[in-house]
Amino acid sequence: MSYYFVLQAKRLNRFLLEFGITPYLAYPLFIILFFVMSFLIFIKAAGYAPWLYILTFSIILESISQQDRTLLLKSLFNRKAFYKIRLIENLVIAIPFLLFLLYQQNYLFAVGLFFIALSFVFIPYYRSFQLSIPTPYKRRPFEFTAGFRNKIIYLPFILLLIIKSIQVGNANLALFILAVIFFICLSFYGAVEDPYFAWIHNKPPEQFLFFKIKQGLINSTILSGPILLILGLAFFETWPAVLLIQGMGYVLIMTIILAKYSAFPSAMNLPQIILFMLCFWLPPMLLIAIPLFYRKAIKKLTPILT
Amino acid sequence: MIKLIHLSKSFGKKKVLHDINLLFEKGKVYGIVGSNGSGKTTLFRCIAGLEDHDGELEYEHTPLKDHLGFLQTHPIIMSRITGWEYLKLVSISRGIDTENFQEQNVFELPLNEYADTYSTGMKKKLALMGTLLQQNKVLILDEPFNGVDIQSNLLIIELINQLKDLNKIILISSHIFSTLRDTCDEIHLLRSGIIEKSVMKENFIELDTEMKSIILGDNNKRIKLS
């Protein structure tokens with residue numbers, strides 16, 4: 001079993017190296033970044049920061065509990081070793097979150113987070129039933145169709161936060177949820193796509209990108225629509241902020257599509273991710289990023305689509 | 001008509017296709033045979049435009065890929081996408097706005113279930129159905145019979161014959177010689193990236209015998225069975 005963890009460490013190091021960053025730099029950088037981000041969240045979103053923390057932690061756990069991985073572990077190890085591995089992995093991920101919650105004296109949330117880490121060990125992530133989850137994207141596959149189903153587990157959290165925002169009359173929380181919806185939409189474009197699914201389109205690269213962006217904007221509108229309605233009914237006075245977030249969301253969706261295809265068919269590399277992240281903190285960077293990603297995307301798609 | 005002129009392909013220093021010159025005409029079915037690693041899939045990927053290559057490829061409509069349906073040996077199916085949604089995706093990608101997939105579900109696939117939970121054969125059938133729905137002029141079917149049950153094999157042979165009657169150009173690779181015998185007009189034998197032989201329908205039996213002796217040789221005697 002210990003060799004499994006050695007192998008995981010090797011894989012992670014190889015991934016970091018391929019990503020263009022040495023592991024010796026990546027690990028300390030990650031720890032620093034984690035605590036800086038945590039402080040920022042707890043300062044800027046004091047009221048609901050622990051909830052956000054729980055949500056982020058659950059997203060990470062869910063991503064390592066996918067069906068293929070779970071089945072592989074089950075086929076390699078006996079029942080006892082399987083649960084031991086899952087428990088160790090979940091607790092390793094939980095440690096920084098727990099430390100920060102304890103530091104913040106959020107003991108109740110720390111206990112909750114610990115139990116989430118435990119419960120994820122026992123969630124059967126392989127599908128033993130053949131039912132498919134209906135989505136509003138049946139006619140527009142595939143990023144949002146697959147993404148919606150992958151992230152459906154967060155729907156209760158989002159609903160809970162919406163109800164909470166109306167209950168306490170907190171418009172900022174509702175606006176924050178709108179931003180979260182767009183973050184979730186952006187995550188749908190994170191998966192590497194096989195070139196075949198671009199190749200099948202009988203469109204030149206420019207039209208292909210336009211088609212993808214159009215689909216992305218329509219689909220994100222469908223997902224953000226109910227929140228927009230709630231904001232309109234409950235917090236109408238916030239419309240300038242709503243427009244700003246919705247507009248920024250659209251621009252970021254467009255940017256991530258261009259960024260994804262600028263690295264296609266490989267995954268985005270570190271400089272591309274840094275440039276994309278910079279656009280969050282410094283929106284004028286979009287003026288540089290969008291044309292740059294567009295030109296690269298056309299270059300990458302041309303041999304596949306023409 | 002598709003014309004391959006001096007088509008070659010290398011991966012680094014390793015040359016995998018050597019100076020391929022072939023002609024594929026409308027209304028005909030062509031078989032490409034060869035052992036594993038002989039270059040069949042690479043040749044198909046070059047024709048499809050999924051691999052760059054040296055040499056030329058001529059076709060009356062450019063780009064060829066916009067008129068070509070490609071069934072891959074191991075079809076790639078995304079997770080959390082139903083069979084219906086997969087068919088919708090491959091149809092809209094070619095600008096075909098259809099949704100009557102259930103009516104055309106010749107393989108009786110459970111289209112409302114996630115396609116990544118399908119068996120190997122079912123995935124193959126779904127991908128083939130998607131390729132057929134695209135109404136392409138040219139079809140490349142890489143191992144269409146692999147992993148598919150015998151009834152569906154018969155159905156696929158029948159569908160290929162129907163496509164031939166519709167004047168399509170069809171390229172097939174298969175390790176099951178009988179399926180090629182039933183469908184192809186001409187078979188090209190590919191070995192180590194070289195077209196070693198092209199055989200017309202009337203000489204398929206000779207090719208079958210020859211292939212068996214080449215492939216089998218004395219190899220079965222190398223392993224000590226007890």
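Some points to look at:
- Set B:Thr117, B:Thr131, B:Thr98: member being under 28 Å from B:His53 (Cα atoms), within 14 Å of another protein chain (Cβ to nearest Cβ) and of a type in the set (S, T, N, Q): B:Thr131
- Evaluation of A:Lys164 against (1) of a type in the set (Lys, Arg); (2) in a helix (DSSP H, G or I); (3) within 14 Å of chain B (Cβ to nearest Cβ) (one fails), failing number: (3)
- In the range A:169-185, residue nearest to the other protein chains (Cβ to nearest Cβ) [restricted to those that are in a helix (DSSP H, G or I) and out of contact with any Ser or Thr (no Cβ under 9 Å at 6 or more places or on another chain)]: A:Ile184
- Among the residues of this structure, B:Glu56 counts as one that is surrounded by fewer than 21 Cβ atoms within 10 Å (Cβ to Cβ) and in contact (Cβ under 8 Å) with a residue 12 or more places away in the chain.
- Scan the range A:139-159 for residues that are more than 10 Å from chain B (Cβ to nearest Cβ) and either touching a Cys at 6+ places or on another chain (Cβ under 8 Å) or of a type in the set (Asp, Glu) (or both) and the total you get is 1.
- The range A:192-203 residues that are of a type in the set (A, V, I, L, M), paired with ones that are surrounded by 17 or more Cβ atoms within 10 Å (Cβ to Cβ) (beta carbon under 6 Å, 6 or more apart): A:Ala198/A:Ile304; A:Ile200/B:Val90; A:Ile200/B:Ser93
- Boolean, B:Arg80 is within 14 Å of chain A (Cβ to nearest Cβ) and out of contact with any Ser or Thr (no Cβ under 9 Å at 6 or more places or on another chain): no
- Screening B:Leu166 against (1) more than 19 Å from the chain's Cα centre (by Cα); (2) surrounded by fewer than 17 Cβ atoms within 10 Å (Cβ to Cβ); (3) of a type outside the set (Ser, Thr, Tyr) leaves a single unmet condition, (1).
- Scan of the range B:93-118 for residues that are closer than 20 Å to A:Asp194 by Cβ, under 22 Å from the mean Cα position of the chain (by Cα) and not basic (Lys, Arg), ordered by number: B:Ser93, B:Ala115, B:Asp116, B:Tyr118
- Of all residues in the range B:199-226, those satisfying the criterion of being closer than 19 Å to B:Gly27 by Cβ, exposed (fewer than 15 other Cβ atoms within 10 Å of the Cβ) and touching a residue at least 12 places away in the same chain (Cβ under 8 Å) are B:Met200, B:Lys201.
- B:Leu23 being under 24 Å from B:Met200 (Cβ atoms) and free of Cβ contacts under 8 Å to residues at least 24 places away in the same chain: yes
- Hey, B:Gly83 crowded, with 19+ Cβ neighbours inside 10 Å, closer than 21 Å to B:Ile169 by Cα and out of contact with any Cys (no Cβ under 8 Å at 6 or more places or on another chain) or not: no
- Among the residues here, A:Tyr126 qualifies as within 14 Å of chain B (Cβ to nearest Cβ), modelled with pLDDT under 80 and surrounded by fewer than 19 Cβ atoms within 10 Å (Cβ to Cβ).
- Residue within the range A:193-213 that is in contact with a Lys or Arg (Cβ under 6 Å, 6 or more places away or on another chain), modelled with pLDDT under 90 and within 14 Å of another protein chain (Cβ to nearest Cβ) present: yes
- When the range B:100-128 is filtered for residues that are part of a loop (DSSP other than H, G, I, E, B) and touching a Gly at 6+ places or on another chain (Cβ under 6 Å), the ones remaining, listed by number, are B:Leu109, B:Leu111.
- Boolean, A:Thr238 is without any contact (Cβ under 8 Å) to a residue 24 or more places away in the chain and assigned by TED's automatic domain parsing to the domain that holds A:Glu143: no
- Tally of residues being at pLDDT 90 or above and within 14 Å of chain A (Cβ to nearest Cβ) across the range B:33-52: 6
- Condition broken by A:Ser75, with the remaining ones in (1) crowded, with 16+ Cβ neighbours inside 10 Å; (2) over 20 Å from the mean Cα position of the chain (by Cα); (3) small (Gly, Ala, Ser) satisfied: (1)
- Any hit, the range A:61-73, residues being touching a Leu at 6+ places or on another chain (Cβ under 6 Å) and in contact (Cβ under 8 Å) with a residue 40 or more places away in the chain: no
- The residues of the range B:29-44 that are in contact (Cβ under 8 Å) with a residue 24 or more places away in the chain and at negative phi, listed by number, are B:Val29, B:Tyr30, B:Gly31, B:Ile32, B:Val33, B:Ser35, B:Ser38, B:Lys40, B:Thr41, B:Thr42, B:Leu43, B:Phe44.
The values are calculated or read from the model by the stated rules, or taken from the named source; none is laboratory data. Predicted, not measured: the structure shown is a model, and the values here were computed from it. Heads up, the Cβs are rebuilt from the backbone with ideal geometry, glycines too, and the neighbour counts pull from every protein chain shown.
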